[in-house]
Amino acid sequence: MAGFKAPDFNERMAAAKAAKEKALKKLAAKPAPDPAVVAERIAARAAKEEAAAERRAQRQREMEEAKLAKIAAAEAAAAAEAEAAERAKQTEAEKKAARDAKYAARKARKR
């Protein structure tokens, strides 16, 4: 049985050249794509991109609506807080008026 003989540089170069030529022949033998199939792929890609653009626009609209709703809720909360503070002020004024009326009535009874 003969031992293994390592290929020398020239043999490796020839094998590489043959592999490249074989790959080029295979590529050249490949038929051109059918124009109808290419057109169909282009149309499918365009439809997919259009759907993605619509989804992005919808998501953007939803984000804007959420932002506006959040701002409106904050404004409503601020208005409610201001109203509650105003009611508290009125309540304090009413309490003071009631105290003053009691004091005046007590003074009037003493006379």
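You can think of it this way: the chain between A43 and A2 has 8.6 nm of extra reach, that is 0.36 nm per residue less the Cα-Cα gap. Dipole of the range 35-110 computed with +1 at Lys/Arg Cβ and -1 at Asp/Glu Cβ about the Cα centre; of A105, A85, P35, farthest Cα towards the positive end is A105.
Can you tell me the FRET efficiency between K89 and A69 if r is taken as the Cβ-Cβ distance and R0 is 22 Å, rounded to the nearest 0.05? Computed FRET efficiency for K89 and A69 comes out at 0.15. For E81, the shell of other residues with beta-carbons less than 15 Å away shows a net charge of -1, using +1 for Lys and Arg and -1 for Asp and Glu.
The shape of the chain can be summarised by an equivalent ellipsoid whose semi-axes, obtained from the alpha carbon gyration tensor, come to 95, 26, 7 Å from longest to shortest.
None of the figures in this text is laboratory data; all of them are computed from the coordinates on show. Computed from a predicted structure; not experimentally measured. Neighbour counts run over all protein chains shown; Cβ positions are idealised from the backbone, glycine included.
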